[in-house]
Ligand SMILES: [Ca+2]
Ligand SMILES: [Ca+2]
Ligand SMILES: [Ca+2]
Ligand SMILES: [Ca+2]
Ligand SMILES: [Zn+2]
């Protein structure tokens, strides 16, 4: 809104500073915009202009130059006996958009004038670009696939409707002066320019707006929508996530699933069982209350609410937890296409939009929240690590999408109290036979490996080298990193991981994905990158680094500790303590993993007086032999993870180690 200045202050300023011969002696009150342009001028009754003196009034009060004209548009009268006559501004004979001035007169006397008058100086009113060149700039700006004038049927209908065989939707172009309302550059912003004005009616995607193209520079300076929409909030009875409030917008008297409150927007379209995106239409509702009675139908139209909610919840997760503005961190519009094909049993990110089938025998509509977040997770991956979708990198691409599916779902469950969802299952709501697509906490359940190159690890060429199978390893790694857990993996290695909670685990994971991973990253490299990410975020030697390392060890990648090299010697590094209460934990052991001999480092470099080795269940292992001088011979031990307890005569210390 323009700021209004008091008439007294403004009058003084204008009188002091204006070079124009403006006659203020007849003015009762003058209200100007911030830029100094008069918006309302009222006149003293005894000095009022007569209605035959309107052009003189304009010259006196608006500082018209010989380039300026105000020509009458129309007049009307009101019940108070006023005549209101509206004038259109022209500059060098070119219409000035949005610049009209009204004269309010009664009994032949002008009581006030009001309106918008543009003070334009030195504008070149001869276009550099012709209308055709400018139109191509306008259509490039709109970027529609098709326009109404390209559709012979629509053209014929218009001609019939207007009873005019020459009628066309093809924009003709009108030369005008208009303010540049799109320039970010303050030298250009708001300044009047000569422009071509086009009425551009796009068919697909549908929009209609006046597009103004600078007739000298060719840049679009204003888009004035003819078909208008406004932000709204839908109430939507979704298929999987209850009744949710969803940002959307009103449009042409109804409501549709588009919104602009998140990044550049979130839009959800209906493919109506077709497979062509350019045939998709909006889902619409008359009162913005999208009820189950209306949409829980045989077409599964309530799935649209899930896709829209899923995109919004996913956007919100990335913003809240990772400070990321949409999948590209530049606000990219998230478009979802629902009802793809007939009985289509899948969902995918096609490189630019989300696409959801309605399912058939195996699946219900594939728009559950974890699946939505999974698909958008692929978009995140493409904009970050861009992991090649085959073999190990492809498996981690899939795994990361499952991870983001779990994270988004968990956050929304907590935020909205959603029911029927299971964080560590993927697709548990869409399987008709029950169960899920994948289990992150127990990958073997759906024929995925939980150990790198372990049981159910896929080595063939199907599914791009088993990307939906070998993702189980990354999934289980993330599950353990979040929840913690202990057990024995397929390599026979016993593990124990202290869980970090889902947000810390997610931050480590996303740093691994966005900062370190490359298109060809393998599982062992991912371990290195995750440990580096945890080190960046939480510090070397932190519990988070230990948990990250141990979670990788648990899924069969690497060892339990990262041996730090300092001063040419391998320094001891701590591993996760399994100590019970009353036992201090500050013993270190090295090297890890050990092959022949393990060195124990007790607090204060004390010497161990007795040493015992057990397996993780606590059973004594006799094949390890204490040699004295804090050296333990482990050459007779089988490969695996063990616990060593050492006593210095006063305290007992325990530490895990692994034998290679
Ligand atoms: Ca339909
Ligand atoms: Ca309704
Ligand atoms: Ca789930
Ligand atoms: Ca296993
Ligand atoms: Zn996927």
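Observations
- Rounded, prolate or oblate (a/c below 1.5 giving rounded, otherwise prolate when a/b exceeds b/c) for region 165-209 by Cα gyration tensor: oblate
- Degrees between helix 523-538 axis and first principal axis of the chain (Cα, 0 to 90, nearest 10): 70
- Within region 219-311, percent of DSSP bridges classed antiparallel, to nearest 5: 90
- DSSP beta bridges confined to the chain are antiparallel in about 90 percent of cases.
- For the chain, calculated [θ]222 nm from helices alone, where every DSSP H run of n ≥ 4 adds -39500 (n - 2.57): -8000 deg cm²/dmol
- Cα centroids of region 441-489 and region 150-183: 59 Å apart.
- Cα gyration tensor shape for region 131-227, rounded if a/c is under 1.5, else prolate or oblate: prolate
- Normalised by the number of residues in region 230-383, the mean separation of alpha-carbon contacts (under 8 Å, six or more apart) gives a relative contact order of 23 percent.
- Three-way shape label, the chain, alpha-carbon gyration tensor, a/c 1.5: prolate
- Antiparallel content of DSSP bridges confined to region 230-383, in %, to 5: 65
- Ordering 82, 58 by the number of other Cβ atoms within 10 Å of each residue's own Cβ, fewest first, gives 82, 58.
- Just so you know, the Cα atoms of region 274-394 work out to an Rg and Dmax of 15.1, 49 Å.
Each reported figure results from applying straightforward, stated rules to the coordinates on display, with no laboratory input. Since the model is a prediction, treat every value here as computed from it, not as a measurement. Neighbour counts are summed over all protein chains in view; Cβ atoms, including those assigned to glycine, are modelled from backbone coordinates with ideal geometry.
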